[in-house]
Amino acid sequence: TNKKMPALVSTVLGTITSLKLDALAGKRIVGLNSKATGVVISDGPTAAVPTSDYARLSTMRQVEACVDGIRRVGEPFLGEGMTGGQIAALNTAITGVLGALVKDGSISDFAHQVVVTPQMKILGQAIVQLKIVPAFELRQITVVVGLSAT
């Protein structure tokens, strides 16, 4: 939302009111606005239903960054033994990558758990349960004005 488009999109043909742009965003259609700074995206909806946790493009990107980070740090553990030390090291690596995302502002907070039951150990499986708090984007600023006699 409100991010400048690359130079290849230099002109918006026609105009649509903000009210109609909001209505289009509600129908999952992305519109463009022409501003003094250039052409910007009016909204960033996804194809998810509006009541979904994944209705915002920014949220999708944050989840993707977390999953990609876990896959990246988890890769060296594939094919290795599933000792308590290895599982603890995997847990530490995941904490590190998610902590870096918090530090750079990509997400606000997280909680995770690496689950390995005895049966999963036999099968060579582990599950990472992840909860993230997205860095929600500012979407609207409302100005309230009051008048006084003096």
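Throughout, read-outs are computed from the coordinates displayed, never taken from laboratory work. Source: prediction; values computed, not measured. With ideal geometry, Cβ positions are generated from the backbone for all residues, glycine too; neighbour counts draw on all protein chains shown.
List of remarks:
- With each label modelled as a point 7 angstrom along the Cα→C-beta vector, the residue 61-residue 144 pair spans 3.1 nm.
- For peptides 92-100, 111-119, sequence by mean Cβ density within 10 Å, most packed first: 92-100, 111-119
- Residue 39 long-range amide H proximity, modeled H, under 5 Å: 5
- Amide H contacts of residue 126 (H built 1.01 Å from N, under 5 Å, at least 5 apart or other chain): none
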